[in-house]
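Take a look at the structure below.
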Amino acid sequence: MEIHLLDVGLTKYGDCIVATHDGQNIFIDAGHEGDLDRISAQLKKVFDHAPPFHFDLIVVTHAHSDHIGCMPRLVSDGVITCDAALVADERLGFGRDASDVSPVDSITSPAVRKLAVALQEEPADDLDDAALAQFIEDAATLESKYKDMLTALQENDTKIVRYGTNPAASVAAIERSLAGFGFKVLGPTPKHLALCAMTISDSVTDASDSLQSGPAIADDSASLVTMYRQAVADLARKGQVLSPDAAVEDRPGVGAAKNDQSIVIRLQADGWRALLPGDMQFAEPEVTDLDPEMRKLRDVIIADIVAEGAFDFVKLPHHASYNGLDESVLNEWGDVHLFGHTGGVKDPSHPDAGVLKLLKDRSDSLSFARTDRNGLITVKKVRGKPTFIPERGELNNFRKNPATTPRRDESSEVETPPTEITPASSINVESPSGTSGVVEVIARVPHVDTTVTVTIQVNPGQKKTLEPEVVPVNPRSLPTDRKLGAETRVSPMPSTSVRLGGGRTINESLLFVTRRDQLNRNIGLNEATAALKAIKDAGKTLLELPASADTVDQAIKLVRAELSERTYDGVVLVGGYDVVQSARLDVLDAKLRATLDGLGLTGRDSDRFIVWSDALYGDIDGDSVAELPVSRIPDGRRSDVLLHAIQASAPKRTVRFGVRNSARAFADAVYKPISGNIDLVAQRSGPFTPELLRPQMNLTGDVYFMLHGSDNDATRYWGEDAGGLVEAVDLQSVPDRASGAIVFTGCCWGALTVTPAAAKLRPGVALRPRGPESSIAIAFLQAGALAFVGCTGTHYSPVKPTAPWGLDFFGKPMHDEFWANINRGLFPARALFEAKKKYASQLPHGPDDPFSRAVEMKILREYTLLGLGW
């Protein structure tokens, strides 16, 4: 059996897969509408003959344009022929009811009809105007072209099975006809499909109502493009005042309902197995009431693994999106060795940064291939085991696509024979006796225009062991993704030089808490010893939790016992969530949660009002309200992060810098009283990138960010304009040195230093701490910041002045009071604590409806302080 992942070019998204075995062929999805020539050329390469190409089965997994793609043209032009077709039902796939009626049918305005349909596709607001205009026109005709294709297939005597509406026996008959492939459809269920179809229908209605509520829209390209961009931006901040700041990349949207209709296929032949799940959003369905059905589908896959064994190859669901794959799904699939991503080059959001990290962390046991970097990818057995054979490039490329895609070298488009990738373990090189420090290696490569990478690991018989007199901390001595280009090197810091607060006097009586065994594992024995010695040398109390205190309840119980014995001014947790666990906190009381559940409003919050919180470590009397400030110095599993943060100097407060989203005007009033003379930068339309902004940045004093954030990408913050979301700050914006800096953010998940977010934690999922290469917050601490203050969940902002409160509700009062306390001379940990006390005493600040009350309870409980803070 061979499986081929076809290159779908530059346009983002897109799937096209060919499977061959023992004279039978399967064709699954067909990329983008403009991929006709590209896919035809690759089919010629796969089959080694000119068209037509005959398939025993063609499959359309779901009704998105990047999967139907050019299949109607492939069929109508006679490029492909087939015996049978397993297809997404056109009624379910386009949100029609049992009578074949859709809300689209009642839209009288041609422009509104086009836009309402285009908004059911994956967001395309990042396309240039010409490409977006074409996308809107293609989306408008997608349904009719798809129906015409099914009619043409039927006229050609193709056996058509509409998945979910035709009898299950029809699917079983296809499975029997492809028994040599081990072809099996694992789901979804008819109920699953119907729930998604209802969501599609509702979203068309919502889009239509929204579009028709404004001025009439002209049916010309310029007007359609402008209104589409505006509509996408409106979706990102839907609900106006009562809506959270939008999570950015892969933001949940109506496209989820179509993704979740994907036909999930299993193949097994020649002693190996493959899972081809289309765009199924296993990790985050993002469709109301679909969770139980998605759980059933995941259980079906688990049962298949138990019965037949682990999959050798998995095509990553939904173009390697966060909602397709997370750690819980990965753990359910077990020992998978090959993962493939299909998608276009011009897609900075896919593969998703979190998915890339999940795979990279397991790269010693798996291989990863991606069509955007490797072109046409073949999976087949080589020397007895399934192996990737890429058309070009290296495997295991875990880098994100850049926001501005570099030009592809024209030579990469030249067809070259694929080169088999041989595992490094199959070549052994030994130094011959009598040589001195020299190993001779001979490599034979094919005499064709190609690129070959040779990696050699030489293991001389004996290692030389160095025993330095003083073991230094692990400096940033290796290049990291945060500083692209030249290496960043930091002079080694002898463990004997570590001093709490850089040696300054900290008058407050502080209780430092850690779990030594895990801290040793994270940053090294000597480095952990140096950090904890610095705490004791400064006369502070250190509570070392036993290794058995590995749950949050056990840790809080021990800390509370210590707090009851002595008087302290604050608590400082030393290490990440895997060292001293954070509480997974429901910010709502039982009555308010029941009210929201009854009104169907809980799901409006992306976190369902569940967040990570350290505040319970300051709760002396057990009433779930902190009596003391709590800060945390995370380690990022790097010694330089913790040691630089623990030695943070006092705040200098000589400069200030801030960036706000252009839609968050309230931030101007927050920023005005902050010390310093640099004006707040309001992100606006037109050229606005971190590269353009960076020369103005001075992030070494007081820093204020009021921008969008994301739970799955902590390396960037965004603003927005009429055209959608605009990147404003990234990791490279963080200075190498920011000693004493105070950073306050109003970004969603701005202070989330682990994955997953609290609401997404599932049984069997381990928390994965972020390091300075994957978190702006951790990078600031690595640079020596005194405090990084932010949310562990979505943040809420007042967008429009609302009588009688104006803009003084939701997040703004917290922002105001924190900076007011800093101006009064309080250190950040105390400043945040007092701001929370005042915020709690004045609830509610604005609207008193149940959802608004819940929002303000969340603001109160989710704000946390990272860093020494004193």
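The values are calculated or read from the model by the stated rules, or taken from the named source; none is laboratory data. Model, not experiment: these values are computed from the prediction. Counting neighbours? That spans all protein chains shown, and the Cβs are built from the backbone with ideal geometry, glycine included. Heavy atoms of the whole protein, side chains included, go into the accessibility calculation; ligands, DNA and RNA do not. Shrake-Rupley method; radii C 1.70, N 1.55, O 1.52, S 1.80 Å.
In segment 693-713, the qualifying residues are those that are closer than 27 Å to residue 322 by Cβ and open to solvent by 10 Å² or more (accessible area, probe 1.4 Å), and the one that is modelled with the lowest pLDDT is 712. Kindly indicate whether any position in segment 167-175 is modelled with pLDDT under 90 and open to solvent by 50 Å² or more (accessible area, probe 1.4 Å). No, because not a single residue in segment 167-175 is modelled with pLDDT under 90 and open to solvent by 50 Å² or more (accessible area, probe 1.4 Å). Residue pairs whose Cβ atoms lie under 8 Å apart, separated by 6 or more positions or on different chains, with the first residue in segment 343-359 and under 16 Å from residue 727 (Cβ atoms) and the second small (Gly, Ala, Ser) and surrounded by fewer than 21 Cβ atoms within 10 Å (Cβ to Cβ), are 348/403.
The single condition among (1) free of Cβ contacts under 8 Å to residues at least 40 places away in the same chain; (2) among the aliphatic types (A, V, I, L, M); (3) more than 17 Å from residue 317 (Cα to Cα) that residue 18 does not meet is (3). If you go through segment 794-818 and pick out every residue that is part of a loop (DSSP other than H, G, I, E, B) and under 30 Å from the mean Cα position of the chain (by Cα), you end up with 9.
Checked against (1) open to solvent by 10 Å² or more (accessible area, probe 1.4 Å); (2) in contact with a helix residue (DSSP H, G or I) (Cβ under 7 Å, 6 or more places away or on another chain); (3) closer than 28 Å to residue 512 by Cβ, residue 802 meets all criteria but (3).
Residue under question is residue 244, and the condition is that it be at pLDDT below 95, closer than 20 Å to residue 324 by Cβ and either in the same structural domain as residue 184 (by the TED database) or out of contact with any strand residue (DSSP E or B) (no Cβ under 8 Å at 6 or more places or on another chain) (or both); does it hold? When the stated conditions are applied, residue 244 does not pass them. Selection of helices (runs of 4 or more DSSP H) fully inside segment 589-683 by the criterion of at least 3 residues being open to solvent by less than 40 Å² (accessible area, probe 1.4 Å) and more than 21 Å from residue 844 (Cα to Cα) returns 639-646.
Scanning segment 839-848 for residues that are exposed (fewer than 15 other Cβ atoms within 10 Å of the Cβ) and assigned to a helix (DSSP H, G or I) returns 840, 841.
Note on segment 61-80: residues that are assigned to a helix (DSSP H, G or I), farther than 13 Å from residue 51 by Cβ and not polar (S, T, N, Q) amount to 5.
Annotation for segment 45-55: no member residue is in contact (Cβ under 8 Å) with a residue 60 or more places away in the chain, buried (at least 19 other Cβ atoms within 10 Å of the Cβ) and of a type outside the set (Asp, Glu).
Scanning segment 10-34 for residues that are surrounded by 24 or more Cβ atoms within 10 Å (Cβ to Cβ) and either in a loop (DSSP other than H, G, I, E, B) or modelled with pLDDT under 95 (or both) yields a count of 9. Candidates 521, 499: the one that is open to solvent by 40 Å² or more (accessible area, probe 1.4 Å), modelled with pLDDT under 95 and of a type in the set (D, E, K, R) is 521. I need every pair where a residue in segment 823-841 that is within 21 Å of residue 572 (Cβ to Cβ) has its Cβ under 6 Å from the Cβ of a residue that is outside any helix (DSSP H, G or I) and of a type outside the set (A, V, I, L, M, F, W, C), sequence separation at least 6 or different chains. Note: pairs meeting the criteria are 828/869; 829/570; 829/629; 829/631; 829/869; 830/629; 833/629. Among residues of segment 298-328 being of a type in the set (Val, Ile, Thr) and assigned to a helix (DSSP H, G or I), the one that is surrounded by the fewest Cβ atoms within 10 Å (Cβ to Cβ) is 306. Across segment 581-601, not a single residue is classified as closer than 15 Å to residue 628 by Cβ and more than 26 Å from the chain's Cα centre (by Cα).
Yes/no matrix, rows are residues, columns are (1) more than 28 Å from the chain's Cα centre (by Cα); (2) open to solvent by 20 Å² or more (accessible area, probe 1.4 Å); (3) of a type in the set (S, T, N, Q); (4) within 23 Å of residue 725 (Cβ to Cβ):
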site: 62; (1), (2), (3), (4): no, no, no, no
site: 68; (1), (2), (3), (4): no, no, no, no
site: 77; (1), (2), (3), (4): yes, yes, no, no
site: 83; (1), (2), (3), (4): yes, yes, no, no
site: 108; (1), (2), (3), (4): yes, yes, yes, no
site: 126; (1), (2), (3), (4): no, yes, no, yes
site: 131; (1), (2), (3), (4): no, yes, no, yes
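Residues satisfying the criterion are absent from segment 42-59 (criterion: assigned to a loop (DSSP other than H, G, I, E, B), under 25 Å from residue 140 (Cβ atoms) and either modelled with pLDDT of 95 or more or in contact with a helix residue (DSSP H, G or I) (Cβ under 8 Å, 6 or more places away or on another chain) (or both)). Here residue 223 fulfils each of the conditions (1) farther than 19 Å from residue 108 by Cβ; (2) surrounded by fewer than 20 Cβ atoms within 10 Å (Cβ to Cβ); (3) under 34 Å from the mean Cα position of the chain (by Cα) apart from (1).
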